[in-house]
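**Student:** Please find one structure pasted underneath; my questions will follow.
Laboratory data are not the source of any read-out in this text; all were calculated from the coordinates shown. As the structure is a computational prediction, the values presented were derived from the model and not from experiment. Please note: Cβ atoms are built from the backbone with ideal geometry, for glycine as well, and neighbour counts cover all protein chains shown.
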Ligand code: FES
């Protein structure tokens with residue numbers, strides 16, 4: 001699993017002058033743990049800033065271009081100053097979600113941390129595309145991706161998911177928290193909708209959330 005640099009902010013045409021003055025791209029290097037050996041690897045990715053700081057603070061939605069997102073890959077998009085993960089899950093990953101039901105504390109997502117259209121088995125509109133806010137529900141650290149083959153680090157029965165480095169909460173590949181973890185609830189699913197098969201609008205859905 002690797003991280004991809006595809007964040008395409010949504011232009012706010014009502015604020016175009018300001019946007020033109022402030023548009024810039026920043027390359028952010030971040031440390032993320034990944035790989036079968038569980039070794040911490042610094043993986044660079046780009047966050048593109050387009051809506052002005054003022055628009056972002058107001059929660060402007062952002063577009064994610066997922067046309068280059070390969071099966072198993074994870075892309076990070078910034079929305080409201082938060083990392084939003086967009087992952088294209090494989091059939092094996094979806095099967096792992098189903099197998100995780102008895103390991104997680106809220107398998108049916110009864111706690112309302114997702115829009116109604118994502119209150120389903122995979123916590124998503126399309127089963128293969130996962131959209132999650134990448135912030136731990138315990139004290140706000142950013143969990144790290146731990147793929148299915150990270151068994152050497154996570155244990156032989158690991159089914160893939162995320163590990164919070166701060167206090168060890170584990171989440172499955174739908175962002176559901178494991179039983180007994182410090183994190184009390186699942187990860188948030190933000191409002192989102194599909195503008196096309198390859199473009200997701202994050203921060204706004206058909207109800208204008
Ligand atoms: S902040 Fe994630 S487990 Fe505490």
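**Student:** So, of the residues in region 192-206 that are assigned to a loop (DSSP other than H, G, I, E, B) and out of contact with any helix residue (DSSP H, G or I) (no Cβ under 9 Å at 6 or more places or on another chain), which turns out to be nearest to residue 143 (Cα to Cα)?
**Tutor:** Applying the filter and picking the extreme gives 203.
**Student:** State whether the residues of region 141-149 include one that is out of contact with any helix residue (DSSP H, G or I) (no Cβ under 8 Å at 6 or more places or on another chain), within 24 Å of residue 63 (Cα to Cα) and touching a residue at least 60 places away in the same chain (Cβ under 8 Å).
**Tutor:** Yes, region 141-149 contains a residue that is out of contact with any helix residue (DSSP H, G or I) (no Cβ under 8 Å at 6 or more places or on another chain), within 24 Å of residue 63 (Cα to Cα) and touching a residue at least 60 places away in the same chain (Cβ under 8 Å).
**Student:** Which of (1) buried (at least 16 other Cβ atoms within 10 Å of the Cβ); (2) away from the ligand (no atom under 16 Å from the Cβ); (3) closer than 18 Å to residue 178 by Cβ is the odd one out, the single condition residue 135 does not satisfy?
**Tutor:** Of (1) buried (at least 16 other Cβ atoms within 10 Å of the Cβ); (2) away from the ligand (no atom under 16 Å from the Cβ); (3) closer than 18 Å to residue 178 by Cβ, only one is false for residue 135: (2).
**Student:** Before we move on, is residue 112 touching a helix residue (DSSP H, G or I) at 6+ places or on another chain (Cβ under 8 Å) and in a loop (DSSP other than H, G, I, E, B)? Break it down stepwise before answering.
**Tutor:** Details: touching a helix residue (DSSP H, G or I) at 6+ places or on another chain (Cβ under 8 Å): no; in a loop (DSSP other than H, G, I, E, B): yes.
In short, no.
To keep it simple, each residue is scored yes or no on (1) within 12 Å of the ligand (Cβ to nearest atom); (2) farther than 20 Å from residue 75 by Cα.
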position	(1), (2)
156	no, yes
161	no, no
169	yes, yes
184	yes, yes
201	no, no
